[in-house]
Amino acid sequence: MDELLFLRQEVAPELLAGVWMSIKLIVPSAIFGFFIGIVSGVFRVYGHPVLKRLAGLYVLFFRGFPLLVQLYLWYFGLPRIGIYLSPFAAAVIGFSLCSGAYHSEYIRGALLSVKKGQLLAAYSLGFSKIRAVFSILLPQAMRRALPGNGNEFIYLIKYSSLAYMVTCIELTGKGSILANFYFKYLEIFAIVGAIYLVMVSIATWGLNYLEDRIAIPGFGRPKYN
Amino acid sequence: MLQGFIVISENLPYILGGIWVTLTVVVGALIMGLSLGLVLSVAQVYGSRVVRRTVGVYVWFFRGIPLLVLLFLFYFGILANLQIELSPFIVSIIVLGLISSAYQSQIIRGAILSLPEGQLKAARSIGMSDSKAIVFVILPQAIRLSIPGWTNEYTIILKDSAVTYALGVTEILARSRHVAERTYQHFWIYILAGCIFLLLTYVGTKLFQILEEKVRTPGYTQ
């Protein structure tokens, strides 16, 4: 009983602050990352050859470097060439750029899977290339990319724990500090893990709902795994 | 920049030494993940309802919690409470292996489900027991189909292995950090570390492609 009271009074408020910080990391990173992914995905399929190469290099490096190395580069590396970032900014930039590279892959794959005739039909109606891509191809491709993008959002929730490694104190960071302070590693990390499980489960459920909602009747809903 | 290169060339052997540590962790985790994942996938496809549920919960658990939290939970929480002393290196392999087993079980499960149903029936009709049919007919095909999935899994585990530095495993990132702290060349050192990972990803992917080619059953395409 004492244990429960202690957890409720001492640990819960701190952990909630950590959850809030995690959400503040995850939401902007998800939005920026998704946006970067769309832009670089479109560049990789329909861009000018130079843009194509650049976007390809971006994806190669940001998918190839471990996220933790990227975070270290932003937080510890950039100051050596004169750019200073707060832990929060470094984490958001790191997460956005890394997940953008993964989103870009899903969107590229989805764009390539849209039938070529769609673009030709748009041209024949007098659409410019940019308009055709944004109003004809992307709306179809995004629906196909959504399962992959959704996975990436879920990965982002889990990888947000790495922000702790660049001293941005979010849920894992709070948990670690509390565990060290009260010397209750098992209980506190179990709670932290449970909170992540809840966040991931809610996100999974929400994304499934979204997929069903935006499916075009008659076009089927592609099921991956 | 010049100084960066001097520092790198002086400390390259030390950082490259981390490759062995990283690769041991990754290969250990992959093998553990494969052996557990095989059992889990078979249990999830052919098991009773209770078994299937249990495997489902296991997969949900290990796919839903961040690696860093699991590392802390196992190393500082569970193992310390049970008073089992294991080195961070071993704990890292175990935790990465458990996570990987959850993912690999889904890869193999997908492969098993993609096989034509007739395979199992044919095996039964020539008098094989179910367990024999699974071991000698289903799994050899399913494992071949799983290789592309493993390639992905390898690249993910490889990159995740950098997180084990949090427990003090002296892999590539940890060694880079040591050098960077000493020489103040963080930027170039971390770029180097990233490039080593990139190279390992590339070589590993190529090796898996060769493996896929090697074990392909001639004349048999899915």
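The values are calculated or read from the model by the stated rules, or taken from the named source; none is laboratory data. Please read these numbers as outputs of a predicted model, since none were measured by experiment. Counting neighbours? That spans all protein chains shown, and the Cβs are built from the backbone with ideal geometry, glycine included. Heads up: the accessible areas ignore ligands, DNA and RNA and are worked out on the full protein's heavy atoms, side chains in. Shrake-Rupley method; radii C 1.70, N 1.55, O 1.52, S 1.80 Å.
May I ask you to verify whether B:Y58 is within 26 Å of B:K159 (Cβ to Cβ), away from every other protein chain (no Cβ under 12 Å) and open to solvent by 30 Å² or more (accessible area, probe 1.4 Å)? Here the answer is yes, as B:Y58 does meet what is asked. Of the numbered criteria (1) within 14 Å of chain A (Cβ to nearest Cβ); (2) not in a helix (DSSP H, G or I), the one B:L96 fails is (2). Residues that are among the hydroxyl-bearing types (S, T, Y) and more than 8 Å from chain B (Cβ to nearest Cβ) within region A:176-192 comprise just one, A:Y182.
The set of residues in region B:5-23 being touching a residue at least 12 places away in the same chain (Cβ under 8 Å) and closer than 15 Å to B:F89 by Cβ consists of B:G17, B:G18, B:I19, B:V21, B:T22, B:L23.
Only one entry in A:A132, A:A121 is under 25 Å from A:A55 (Cβ atoms) and hydrophobic (A, V, I, L, M, F, W, C), namely A:A132. When A:S176, A:S161 are screened for being part of a helix (DSSP H, G or I), among the polar types (S, T, N, Q) and under 11 Å from A:L15 (Cα atoms), only A:S176 passes. Every condition in (1) open to solvent by 30 Å² or more (accessible area, probe 1.4 Å); (2) within 18 Å of B:F76 (Cβ to Cβ); (3) in a helix (DSSP H, G or I) is met by A:F153 except one, and the failing one is (2).
Within region B:115-130, can one find any residue that is under 23 Å from B:W60 (Cβ atoms), buried (at least 16 other Cβ atoms within 10 Å of the Cβ) and hydrophobic (A, V, I, L, M, F, W, C)? Looking through region B:115-130, none of the residues is under 23 Å from B:W60 (Cβ atoms), buried (at least 16 other Cβ atoms within 10 Å of the Cβ) and hydrophobic (A, V, I, L, M, F, W, C).
Of all residues in region A:76-88, those being at the interface with chain B (Cβ under 9 Å from one of its Cβ atoms) and within 23 Å of the chain's Cα centre (by Cα) number 3.
The number of residues in region B:71-93 that are more than 7 Å from chain A (Cβ to nearest Cβ) and either outside any helix (DSSP H, G or I) or closer than 20 Å to A:L68 by Cβ (or both) comes to 14.
Just one of (1) buried (at least 22 other Cβ atoms within 10 Å of the Cβ); (2) touching a Gly at 6+ places or on another chain (Cβ under 9 Å) trips up B:D160, so point out which. The number of the failed condition is (2). Among the numbered conditions (1) within 14 Å of another protein chain (Cβ to nearest Cβ); (2) part of a helix (DSSP H, G or I); (3) free of Cβ contacts under 8 Å to residues at least 24 places away in the same chain; (4) open to solvent by 20 Å² or more (accessible area, probe 1.4 Å), the only one that B:Q44 does not meet is (3).
Taking region A:156-175 as the range and being open to solvent by 10 Å² or more (accessible area, probe 1.4 Å), within 11 Å of chain B (Cβ to nearest Cβ) and of a type in the set (S, T, Y) as the test, the residues that pass are A:Y159, A:Y164.
Going through (1) of a type in the set (A, V, I, L, M); (2) under 17 Å from the mean Cα position of the chain (by Cα); (3) more than 14 Å from chain B (Cβ to nearest Cβ) one by one, A:I214 falls short only on (2). So which residues in region A:49-77 are among the hydrophobic types (A, V, I, L, M, F, W, C) and surrounded by 18 or more Cβ atoms within 10 Å (Cβ to Cβ), if there are any at all? Those that are among the hydrophobic types (A, V, I, L, M, F, W, C) and surrounded by 18 or more Cβ atoms within 10 Å (Cβ to Cβ): A:A55, A:V59, A:F62, A:F65, A:L67, A:L68, A:V69, A:L71, A:L73, A:W74, A:F76. Which of the residues spanning region B:8-30 are open to solvent by 60 Å² or more (accessible area, probe 1.4 Å) and within 22 Å of the chain's Cα centre (by Cα)? Across region B:8-30, the qualifying residues are B:L16, B:W20, B:T24, B:V27. For the residues A:G100, A:G109, A:G193, the requirement of being under 30 Å from A:E14 (Cβ atoms), in contact with a Gly (Cβ under 9 Å, 6 or more places away or on another chain) and not aromatic (F, W, Y) singles out A:G193. Within region A:40-50, the presence of at least one residue that is without any contact (Cβ under 8 Å) to a residue 40 or more places away in the chain, over 26 Å from A:G150 (Cβ atoms) and part of a helix (DSSP H, G or I) is confirmed. The condition (being β-branched (V, I, T), away from chain B (no Cβ under 14 Å), open to solvent by 60 Å² or more (accessible area, probe 1.4 Å) and in a helix (DSSP H, G or I)) is satisfied by just one residue among A:V27, A:V92: A:V27. Could you please let me know if B:I172 is of a type in the set (V, I, T), over 19 Å from B:R109 (Cβ atoms) and open to solvent by 60 Å² or more (accessible area, probe 1.4 Å)? So B:I172 fails the test. Listed by position, the helices (runs of 4 or more DSSP H) inside region B:115-203 whose residues that are within 9 Å of chain A (Cβ to nearest Cβ), at negative phi and touching a helix residue (DSSP H, G or I) at 6+ places or on another chain (Cβ under 7 Å) number at least 2 are B:139-160, B:172-183. Kindly establish whether A:I195 is open to solvent by 30 Å² or more (accessible area, probe 1.4 Å), modelled with pLDDT of 90 or more, more than 10 Å from chain B (Cβ to nearest Cβ) and under 17 Å from B:G64 (Cα atoms). Answer is no for this residue.
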